[in-house]
Each structure stands twice: as C-alpha cells, then as structure tokens.
Amino acid sequence: MNRKKDKGFESPRKSVIGYVELTIFPTVVNLNRIKLNSKQCRIYRVRVNDLEAPFIYNDPTLEVCHHESKQRNLNYFSSAYTAAVTAVDPDAGNGELCIKVPSELWKQGDEMKVLKVYIEFSLDQPKGGLHFVVPNVEGSMAERGAHIFSFGNQNSTRFWFPCVDSYSELCTWKLEFTVDASMVAVSCGDLLETVYTHDMRKKTFHYMLPIPTAAPNISLAVGPFEILVDPYMHEVTHFCLPQLLPLLKHSMSFLHEIFEFYEEILTCRYPYACFKTVFVDEAYMQVSAYASMSIFSTNLLHSAMIIDQTPLTRRCLAQALAQQFFGCFISRMSWADEWVLKGISGYIYGLYLKKTFGVNEYRHWIKEELDKIVEYELKMGGVLLHPTFCGVKEKDNPTPHLHFSIKHPHTLSWEYYKMFQCKAHLVMRLIENRISMEFMLQVFNKLLSLASTASSQKYQSHMWSQMLVSTSSFLKSISNVSGKDIGPLIKQWVDQSAVVKFYGSFAFNRKRNVLELEIRQDYTSSGTQKYVGPIKVTVQELDGSFNHTLQIEENSLKHDIPCHSKSRRNKKKKIPLMNGEEVDMDLSAMDADSPLLWIRIDPDMSILRKVEFEQADFMWQYQLRYERDVVAQVEAISALERYPTPASRLALTDILEQEQCFYRVRIQACFCLAKIANAMVSTWTGPPAMKSLFTRMFCCKTCPNIVKTNNFINFQSYFLQKTMPVAMALLRDVQNLCPKEVLNFILDLIKYNDNRKNKFSDNYYRAELIDALTNSLTPAISISNEVRTVDNLNADVRLILEEITRFLNMEKLLPSYRNTITVSCLRAVRMLQKNGHIPSDPGLFKSYAEYGHFVDVRVAALEAVVDYTRVDRSSEDLQWLLDMVHNDPTHYIRHKILSMLCKNPPFTKAEAADSSLCNEALVDQLWKLMNSGTSQDWRLRCDAVNLYYTLFGLMRPSCLPLPELGLVLNLKEKKAVLNPTIKPESGGRFESRSDEEDIDMDTVHDSQAFIYHQLNMLERPSTPGESPHQHHHHHHEHKKKKKKHKHKHKHKHKHESKDKEKERDARGFSNSPASGHSLRSPSLSD
Amino acid sequence: MADPAVVSGSLNSRSGGSKAVAGPAENYVLARRRTLQVVVSSLLTENGYESAEKAAVESLTEMMQSYITEIGRCAKAYCEHTARITPTLPDVVVTLIEMGFNVDTLPVYAKRSQRMVITAPPITNAPVVAKALSTGQKRSHPSHIPSYFPEFPDPHTYIKTPTFREPVSEYQVVREKAASQRRDVERALTRFMAKTGETQSLFKDDLTTFPLIAPRPSTIPYLSALLPSELELQALEETDSSEQDDQTDSENNPNNIVSDDPGADKENSVLPSGGVVPTVKSSEENVIDNPYLRPVKKPKVRRKK
C-alpha cells in the first residue's frame, strides 16, 4: 500500500486541503469493503480505480455515550469507550471510514488485482492531529512565526489524513506539501525537490520515504523555520523558529555524539538516510519521534549560559534518537508489544546516560525510576506490560483495579502510560542482568539488521513483517542469542503486573558467628506480587564485603549467612570495601560483639521491589560514609531521617563536605539534615544546620556574611549552592518558625548576589533563593477572621514580600531564561496566601495563566489556581479552569490543568458528600467533557476520565438524584450495563450475541457490532440515495467481512506507485455534493 | 599702584557683586573702586558739572581704572625688564611718556588751586591670596639664591598632588555598596515602571506598598523567555569573548557560499581556529549537499497543460 498526499495550507483560516492515494493489493477474493481511519477530516469524494465509490463515515469516539443516556458512572463509560475505540481499531481491521468497492470492480477483486483508492479531503480548523500556531501580530505569516505541526498520542495520524492508522501496517510513502513560499515543510523521508507553483507564490515539497513505515510514524511541520545543517553530519538538519538560530546551534552542538554512541553500541547505522529535528512552540509533548524526524518543544533550546537545561535537553535528544531505532524504524506488531519498543529505546537511552553522565548518574536514575514505579504500583495497582486478552468477559480483564481499559493506547491514563514506559525499560535492564549486556546488544543488532534487510525488499517478498517486533519474536531472539531461558523473568514482570515488597531485619548470632536474616514479603496488598527466586544480599564485614545469593522460597523467611570475620574492633587495620578500596574507619560506634558494618538487600536492583530493611543507625551511618555505591548512600540517607542523633548529623555533614561524593547524594543530604535538625531542635547546638558549611564553601574569607561573586564553573558546587539555602529554609525553631538567623542569611544571599563576573546565567540560582524564602514561610498567627492588610503584616514577611515584589517586577524588564524567577515568585505568592499572610485571591494567578505567557509561567499560575480552588472551594474558579480546558489553544495546558486537578483535586470521593462543589451541574459538565468534549485528543479524554474518577469514583456520583432502582442494580453487573442504551434496538443485541457464539475474535466484534447499532442513527452516507442500501448491505455482510479482516494484516499487498501530484483548487471542493454529509455526526441526531 | 591681578579680580567680583556675602578680597576691591568713584565725581565737580548720570560716572570710573591699571602694568613690565621686582618712579615716568602723557604738566596739575581733597580710602588690608591648594611644604630659597628673588611657586604646581580622598578598598564595604546601589536602582526602576503602567496588588486595601507590574501577554512568549537579554550577552562578551564567535558565522545561506567564495574564505580565516567550531567545517562548507539548501526549482512548463 502506498500513500501520498498533497496539501495546501492556509494559515489564517487554519485549513488543509489534500488527497490521499492508497494502492491496495487485495489478497482475499471478494474484497468489497475497505476500512480506513479518519477523524475530523471532511471527505469530499472517494474513488476506487477512477470509479466513484460510496462511503460511510462513522466515528463512535466522537460521542461515547449518547445524549439520552442518563448514565453517569464511570464503569459504564469506560466499557463504552473501550468498545468505541475497538470499533475503529485498525489492528482489528476496523476504521471510521468504510469504503464500498464499486461493484464493477468486484470481479477484478476476485482476481486480486490492484485497487487504487483515491480520497479527497479537507480539514478545517482541526482540533487535534495538527496544531496551528498563529501569533496574533502584524505582518505576514512568516514574520509572525506562524507554524503548524502534527501531534498526537500514539496512533493519531487519522486526525489529519485518512489512513490505516496502525503501527503494524507498513508501507512506503510519497509525500507532497504545497505551502506558502515563505514556509518550509518538514516531513518524513528524503526531500527530493522543492518546486514553485505557477504563480510562484507557493512551493511544493516532495518527500519520498522508501523505508516501509507505519502511518502513525508520519508527521509534518510547516513554518518559516531557520535551517541549520549539522556541522558534523550533513545529512542531519535542524529547524527552529525565527530568531532562535543561535540557541539552536548551541543546543544541537552535541547531537552527533549521541548518534555515534547509538550507532556504536547497536553496531548498526542510523536506518534513515536523513534526520530532521524541528523545534516548535506549544508542543504537545517535549519529544515526539517520527520516521526520520523528531518534533521537540522549542523550550528545550538554550544558550551556552544555561546550566540546568543543558542535561535535560541532551536527555530529550537522546530519547528521541533512541526511538528512531526502536519505535519508528522498528515498529510493533500490536499494542501488547509496545513494551518491547519502549523498553529497548528506554534501555539504550539509559546506556547513553551512563556513558555521558556517568555511572553514578545512571544508577541514581535507575533508583529514581524504580522508586517511581514502585510507588505508583503500590498506590494505584499494578502496571501490566504485556496484556493478553483472551476472553470477552469483563471478569477476564487483566487489570480490574483500574478505572480504564488497557486494551488500547487511547484508553490509557497518561500517568499509567508514563509508568508503563518506566517499567518497560527497567524490565529490559533486568533482562540485561540475566543475559549480559553483550547478548542484549546482539539481540538489538539482530532485530535491526533483520529489519534493515527487510526494509530494502519489495512488499511482495513478505519480508516487511521483520520490521515489526512482537513480544514472542523478541523473546525468541533472546533465547537464540543467549541460549538462556528468561521465561520466569518475563512471566514475573511482563505477563504479570505489580511489584514486590520486602521487609528485612536481621540478628547476629555470636555463638555461631552467623547472620540470621529474615526477609518477609507483603503480597496481599494492592500492587504487590509474590517473588520466588534468587536475591542478592551484600554484607559488609570488618574483613571485607561479601555477596550472598539467597533463594526466596515459599515458606522460608529466615536465612543464615555465615560471617567471615570475628569481631575485633581493637585491631587497627584497614577495612576492605566492595570496590577493593581499603579505608580506615572509626569503629567506636559499632556493636562490640558484631563484625557487621552494614547489610544491603538486592543492591543491584535486579528485582522490581521496595525494601524496608531494619538495621541500627550506626550501620546506616557507616553505609552512608563508606559504601561507594550512590544507591546505597541514597538509601542510607532516607533511613537516617528516622534517627535524629548527633552521629547522624555528623555523618550527613561529612558527606555534604566531601567533594568526591556524588552531588545528588549531597543534595539529598541537605534535606535530610534539615529534617534531622528539626527533630533535634531542643538539643541542637551551634549555628543552624548547614550555615557554617555554606559560609565556608561559598562565602568570602574576610567577611563571612557576604557570599562570593557567582562563579558556577564547578557544576557540583553550583548545584549544592543552589540547594543548601532551600534546605536551610526548612529549618524550624522551638516555636516552629524559621529561625531569624536563617531568614536573614537567605535575604543576605539575595542581597549580595552578584553575577557580573559569571560565565553562566544565575536565573535558576535566584529562583531557588526565592524558593528558599517560600520554604521559610510558616502559617501566620491568625486572630480569627482577621482581614489581612498591609499594616498587620509580619515584619519578616514584609521583607520577603519586598524581595518577591522586586524580583517579579524586574522580571518584566529583564526576563530570565524560561521565566524561572516568575515561576518561583508565583509559587511564593501562593504560599503567602495559603499561610494567611496576605489575602487569598486567585486574580493575580489568573492573569499570569492567560494565553500569551510563557508556558512554564502559565503552568505555575494554573497550579496556584488549582490549589486555590481546593483550599477555598471556589466553584467559580473551578468553572474558570474547566472553561480553559475547553477553550485554551495550547493542548499541553489543557492536559496540564486536568492532571493538576487530579493531583490536587477540589474534593475527593470521600469528601464529595460535604463539598458544595460537588453538584449535578459539575457532574454533567465533566461527563460531557469526557464524553464528547475531548474527542479530538486521546490524552485529554483520558485526563478527563481520570478527573472524573478522582472526584466521583467508579460509581454513580452521590450528588445526583437517585435514578430508578432498576438502573442502579444494572450497574453492578457489567454486562447488564449495556442494556439501557441498547434498549431501543433489540436487533443489535441479538446480532452481537450471535457473533459471540461463532467467531473467534469475539472481543472485537462484540463491541463492534454494539457500536454499529448504537450509532446507527448517526451514520451519514456519502450520497443520500445510496444510504439504505449501504446500510442494509452492511448488516448483511457482517460476518463475512470480519473473517476477511482477520487476514488483512497478512495478505494485504502494498506497492509503490509513481503518481504525479495534482494541484487541487480549494474552491472546487466546497461545492461538492457530498461535502455536507460526511462529518460531525453526533450533533446531527435531530 | 594697582596690582593687575587685583584689578582683574575686581572685574570678576563686579560680575558677581550682587552676592550678599563678600569675602575680604571683595571688600578690598570694592573700597578701592568706591574711592575711584569719589575721585571721578570730584573731578567732575571741579570741572563744573552739577550732576551726572550714574551710568556716566560708572563709565568714567571704568576708564580711569583701566588707565591706571595700564600704567601699573607697564611700569611693572619696565621694572621687570630691568630685572627688578619693585617698580621705581622712573619706571612710571617712562610709562607715562610711552602712553603719550606729558609728564611736565603733572606737577602743575597736582598743585592746582581748585583741587578737591578727598579722604584717603579706608585702610583695608590687601587680601591674602588664598592658597589654591595647600599641599606640601612651601620651599624656601636655597642658599645660593638671594632672598629678593621671587619665591618658589606653590608646591602643587610642581609636585604630585593627591587630589582624591583615600578610596574605600575594603571588600566588604564595596560589596555592601554595590549591592545596595543595585537594589536601590532596581527598586526605583520597578517602582517607576509600576507607577507608569498598569499594576496589580496583593492587598485589596493598599495598592501602593507592594505594586506589581501587571503581566502583559506577549504574542510570541517564547522569544523573551528563551533568548538571553542583551545585558546578559554583554556580560558574557566581557567575561568570554571567544564564545560568541561561533554565533556570528553564517552558514545556512547557500547563496553566500556558492556565489561569494572569496568572501566566505575571508570570513573563515577570521574565525578563531581554537573555537568550538571545527576547522574542518569551514573547508567543507562548500560541499554541503543538503536538500534544504538547494534552490527552489521553477515549475515545469508541461504542468501548464
């Protein structure tokens, strides 16, 4: 199958006109119906082999449940939504656009001849799929920096042109874009040529993508881009918006290193002939990877003066590039195989991190990711990497704990999907642990080389499926390459959700000189599973460090580990560590009878687990001081929070001062030290924690109250300098106030901050100083219901407010990079409000949240409004937020508002009964939002579902008037849920049942039939006259057609066509007879 | 004899005569001038005038003063010409003759009968010339110079004079000062901006104590948020100028490279070789074949069909 499109863009009208041409090789006889994916496109005509073909356009996801339905429970919605998505799922052979092959061609179809499908369509002000950024200023489109780019969550290409929107349907592409002469159209594949149109006012970009690629991996960006050819790799081209070229040059200056790294470890050349990076404003995601190009947020660009953004941008680039190999070039067989792609790309991205940022950074990152997934799974329930759907019944749902279905990428909560990716790469790492990295890379190389051999073949060779990875093919490669059986590992982590939770404790048996270790598991609470198998335990003794591998079995909790050394702490001898180093230790803190210094369970993180281990405080202190693994240090620090003693204080202070120590560990030590100091407040001696340390490290020798002029050339100390004041501000005295000394110290840091001699910008540092001021705030002593005025302002708060005012105002004159300072100031103001120092009022935040401010500022302001909504229970502001979800032009902001509302909800399920916010109007509004208001953005719809779940839970919201009794009872039994809506159409039920009986792909067809019938009334045929026939036919053919679809993946032929581009006149379409009938059905139910 | 310096001083003081408070030097000069005025007036009376306009008297006084001044100047010049420092009578006589005055008539005129006698001007001490700068010790003559030779000039004319106060070099004070100065400037500037534009306040009752400049949505918000401000760029240039160089070269303009080879070469030679930009790049620039750099093709004729 080959597609090509021609597009004319009109930015002011935000419309696109185009055509798609598909060449289909039928492999089954009587192919008389072709289903394609298409959303929100206005389709004018469809021709098959130059014959007009009738078509039905029917999108059940536009409105999931119908007006008349008074159902308001999420269970009902989720199942209906899943059914709707399934009904158009290309992997199941479905689609929104159903084209009837003209009967004249049926005979030809029987002979399995080529079918050419030609579709003319237009998009007018698309709400999804393509995003138009048109700044509202004077000047031509190019001068205004107007641009367009495609976006979407997973397979969303159907939003902007009709296609088979599946990751498993590969084909080659010829793409043509006609745009204004001042614009550049960047798309997938190689740019063959650029040709002016006759009037010389437009240009046509001709692209050719000879490597078979799935439609979801096709993208487009059009804009007056500045072009930068990579100085190291001329086949790589970077694009950015006008004026940003200097930033682009700097930000892209290391991209070649990432390229070299991946090509080297994969021993495989980058599969595409060229690579393009495009930086766009109002990006949907920071990074989105498409075949041979990536679209990034323009906010990743930075100048050489910016420290903090540099590693972040590099990470984003590395991620994007990893996905070029696994995700774009190698695609997936089905949604259930997604974890392999995400896992491999995440895993090789991790290898890049290790190489570029060091082993410490890598291990720290792994630890963070592990903590994240463990926390999520324990809280929300398991994340299942490889779901298998064998039954139709709801009770076979592999993830009953979730309020959404994981059958489709489009029904997933965004948070869940992020965790899914996180878990996927962690599992890849587990596989690496099992089979060694060498084999791992060999497997990747094998996948890639098979794919690249296949990619150069013609479709007829049936080789293209090699470019699709599936779980089974991946596992087979592993066993072929390594000869090892990783079945149990896969079963544990991939086929099964949840993580392991260990509790460990130990006792030392002096007589036997044996360590008695007890490891218990919690596998009953949500998100946990039982682990059986080996576990590594590392014991640091006086004589050295020893690894033990224990077997976790069903019933054995206790493990005896023989110790190697006798306790002999009087002998002065150096103690050997794991890494061979020998160090002197002060052993006076130790238990005299035990030779144990510290014990670590699963030090290599080779199980997805949470370990709660009990050992004495001095052991944690030894572990912090002397264990060289950053993960151990981090664990020790978190454990020491529980031991507020002078010894812990000393250990933390020593770590803080040690320059060889990893900076993230030192940063964490700052916060731990603050906590310990607060816990020890009555016995604390000396100056406030960290003050003298900071003075020694960063202040002038002669005048210790003045900080040195900034010099951030040493990044470790820069990060420490940034963090210490923030941690210090968390200190509290006996009255639970921030000590005056600390506040003054921070104010002095702000006062004496001098960046004139610095090579780097201090915007992040200043922002953190404001954060420090924010942290120092404590609730105001409030006299009941006193109105907050300037006069009764606390003196300290007045000083803080003075600084914030000045910073915020200066930012208007000299804006900082990414407006970090405004962001911190907004947070500070909200904190002042929240603590009752100044009157609580969302007005300020609302003005900063408006469209037209930098996105970080908007998010910070919105966060404050969300918080205000919760604290003050303001229905007006909740309404304001929801209006913004409806109307804001930036998709990211809409998504962000909903996810912030989920994190910090105005009320929760438990509070719903008491909250005045929870009323019928709100339920209706949210219901409408997820039901039909968000149909143009999969991600946003799932966000709305999440919010609905957070506020009302799965059941019918309590604030609604009681429905008829019968209906309520129906909700519990899930199958019965369907009844109320299908009520008018008993025929539909009948048919779906009959399908269930004799067709093996029941899941799909059941819901498909259901949807068809449900949406019967919404269907709009292409030509009114043919409609009844079409419809009838459709019912008739139902079963037969399904069988055919089953084979579609395997047999549909594809080949390349060499058609010429044809210009289309926009006006020609608007008069087309079919134009009014194909689209936007839900509103037509009149 | 009037000292020229004094006279010129008197001229100066006249212009500033309206000053309420006059120093001793001014008093001295004023007294002299008053005497002159009396002299002019008596001469007029002597010659039969009954009244005179003030302006006329003033003019005559001025004339007389300059005449006497000239005599004094010339006499001094004659005396110095002969290597003396104090004019003698012959000097004056020669001067008068030189000025075309018949000296012989002077005794007769002096002894005329109707002359009016005026009182001597009040004795005021000649003003001490204020030392411009009191620096160092005034040097006395060395032994080989006779005492009647002029004194050495003021020391400040020939020795190094520290004309400023001891600077505050103490680090703490400097930092303190710089910090408070910057803070004051920032405060004043932001307050000014707040006064001239729209503001927001955190308190409903008080709009002035903490005025916040109202945020204004920008049409292209990412530009100001991402691009370093000019100030920062300047600072960067000062600290490290070599870093900036790679931002000035232009490479994405194919026309430049193709049509303007010598120019491009020149530009490349200016580029520092030690910079971030690899030197290889400049030589390879000519051979970059990137589809986005290729010129746009004209439409083919056959398309017109």
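Listed values, structure above:
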{"read-out": "Qualifying residues in the stretch A:240-271 (those that are touching a helix residue (DSSP H, G or I) at 6+ places or on another chain (Cβ under 8 Å), within 8 Å of chain B (Cβ to nearest Cβ) and not in a helix (DSSP H, G or I)) - the one most open to solvent (accessible area, probe 1.4 Å)", "value": "A:Gln243"}
{"read-out": "When residues of the stretch A:825-865 are limited to those that are acidic (Asp, Glu) and either in a helix (DSSP H, G or I) or within 15 Å of A:Thr774 (Cα to Cα) (or both), the one farthest from the other protein chains (Cβ to nearest Cβ)", "value": "A:Glu863"}
{"read-out": "Answer residue from the stretch A:219-236, given it is touching a Pro at 6+ places or on another chain (Cβ under 8 Å) and open to solvent by 30 Å² or more (accessible area, probe 1.4 Å) and is nearest to the other protein chains (Cβ to nearest Cβ) among those", "value": "A:Pro231"}
{"read-out": "Answer from B:Ala52, B:Ala83 - the residue that is of a type in the set (A, V, I, L, M, F, W, C) and open to solvent by less than 80 Å² (accessible area, probe 1.4 Å)", "value": "B:Ala52"}
{"read-out": "The one condition in (1) open to solvent by 60 Å² or more (accessible area, probe 1.4 Å); (2) assigned to a helix (DSSP H, G or I) that A:Pro779 fails to fulfil", "value": "(2)"}
{"read-out": "Residues that are more than 40 Å from the chain's Cα centre (by Cα) and among the aliphatic types (A, V, I, L, M), drawn from the stretch A:500-520", "value": "A:Ala507, A:Val514, A:Leu515"}
{"read-out": "Among residues of the stretch A:633-654, those that are under 15 Å from A:Trp598 (Cβ atoms) and open to solvent by less than 30 Å² (accessible area, probe 1.4 Å), counted", "value": "8"}
{"read-out": "Lone unmet requirement of (1) small (Gly, Ala, Ser); (2) more than 7 Å from chain A (Cβ to nearest Cβ); (3) surrounded by 15 or more Cβ atoms within 10 Å (Cβ to Cβ) for B:Ala179", "value": "(2)"}
{"read-out": "Hits in the stretch B:115-137 - residues which are surrounded by 10 or more Cβ atoms within 10 Å (Cβ to Cβ) and either modelled with pLDDT of 75 or more or assigned by TED's automatic domain parsing to the domain that holds B:Leu36 (or both)", "value": "B:Arg115, B:Met116, B:Ile118"}
{"read-out": "Index of the failed condition, A:Gly95 passing every other in (1) crowded, with 19+ Cβ neighbours inside 10 Å; (2) within 30 Å of A:Glu226 (Cβ to Cβ)", "value": "(2)"}
{"read-out": "Every residue from the stretch A:809-824 that is within 7 Å of chain B (Cβ to nearest Cβ), aliphatic (A, V, I, L, M) and crowded, with 24+ Cβ neighbours inside 10 Å", "value": "none"}
{"read-out": "Segments classed as strands (runs of 3 or more DSSP E), wholly inside the stretch A:509-569, with at least 1 members that are open to solvent by less than 70 Å² (accessible area, probe 1.4 Å) and of a type in the set (Phe, Trp, Tyr)", "value": "A:544-552"}
{"read-out": "Any hit, the stretch A:832-841, residues being hydroxyl-bearing (Ser, Thr, Tyr), closer than 17 Å to A:Ala860 by Cα and open to solvent by less than 20 Å² (accessible area, probe 1.4 Å)", "value": "no"}
{"read-out": "Selection from the stretch A:699-716 of residues that are free of Cβ contacts under 8 Å to residues at least 24 places away in the same chain and either more than 14 Å from every other protein chain (Cβ to nearest Cβ) or among the hydrophobic types (A, V, I, L, M, F, W, C) (or both)", "value": "A:Cys699, A:Cys700, A:Cys703, A:Asn714"}
{"read-out": "Candidate set: the stretch A:285-296, residues that are of a type in the set (Ser, Thr, Tyr) and open to solvent by less than 10 Å² (accessible area, probe 1.4 Å); chosen: the one nearest to the other protein chains (Cβ to nearest Cβ)", "value": "A:Ser292"}
{"read-out": "Conditions (1) under 22 Å from A:Met440 (Cβ atoms); (2) in contact with a helix residue (DSSP H, G or I) (Cβ under 8 Å, 6 or more places away or on another chain); (3) surrounded by 15 or more Cβ atoms within 10 Å (Cβ to Cβ); number of the one not met by A:Asp485", "value": "(3)"}
{"read-out": "Subset of the stretch A:741-765 (residues that are in a helix (DSSP H, G or I) and at the interface with chain B (Cβ under 10 Å from one of its Cβ atoms))", "value": "A:Asp748, A:Ile750, A:Lys751, A:Tyr752, A:Asn763"}
{"read-out": "Test: A:Leu489 is more than 29 Å from A:Met380 (Cα to Cα) and at pLDDT below 95", "value": "no"}
{"read-out": "Qualifying position, being farther than 22 Å from A:Glu264 by Cα, assigned to a loop (DSSP other than H, G, I, E, B) and either open to solvent by less than 10 Å² (accessible area, probe 1.4 Å) or of a type in the set (A, V, I, L, M, F, W, C) (or both), among A:Leu385, A:Leu378", "value": "A:Leu385"}
{"read-out": "Pair list, Cβ under 8 Å, 6 or more apart: the stretch A:537-563 residue closer than 18 Å to A:Met605 by Cα and touching a residue at least 40 places away in the same chain (Cβ under 8 Å), other residue surrounded by 12 or more Cβ atoms within 10 Å (Cβ to Cβ) and of a type in the set (Gly, Ala, Ser)", "value": "A:Thr538/A:Ser545; A:Val539/A:Ser545"}
{"read-out": "The stretch B:92-114, subset in contact with a helix residue (DSSP H, G or I) (Cβ under 7 Å, 6 or more places away or on another chain) and open to solvent by 100 Å² or more (accessible area, probe 1.4 Å), residue nearest to B:Gln37 (Cα to Cα)", "value": "B:Gln114"}
{"read-out": "Residues of the stretch A:774-794 that turn out to be modelled with pLDDT of 95 or more and within 14 Å of chain B (Cβ to nearest Cβ), as a count", "value": "0"}
{"read-out": "Test: residue in the stretch A:857-866 that is open to solvent by 20 Å² or more (accessible area, probe 1.4 Å) and either modelled with pLDDT of 95 or more or in contact with a Phe, Trp or Tyr (Cβ under 6 Å, 6 or more places away or on another chain) (or both)", "value": "yes"}
{"read-out": "Subset of the stretch B:191-222 (residues that are assigned to a loop (DSSP other than H, G, I, E, B), within 7 Å of another protein chain (Cβ to nearest Cβ) and of a type in the set (Val, Ile, Thr))", "value": "B:Thr209, B:Thr219, B:Ile220"}
{"read-out": "Some residue of the stretch B:285-299 being surrounded by 14 or more Cβ atoms within 10 Å (Cβ to Cβ), at pLDDT below 85, facing chain A (nearest Cβ under 7 Å) and over 41 Å from the mean Cα position of the chain (by Cα)", "value": "yes"}
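The values are calculated or read from the model by the stated rules, or taken from the named source; none is laboratory data. The shown structure was predicted, so the numbers you read here are calculated from the model rather than taken from an experiment. Here the Cβ is made from the backbone with ideal geometry for all residues, glycine too, and neighbour counts use every protein chain on show. For the accessible areas, the whole protein counts, side chains as well, though only heavy atoms, and no ligand, DNA or RNA atoms are used. Shrake-Rupley method; radii C 1.70, N 1.55, O 1.52, S 1.80 Å.
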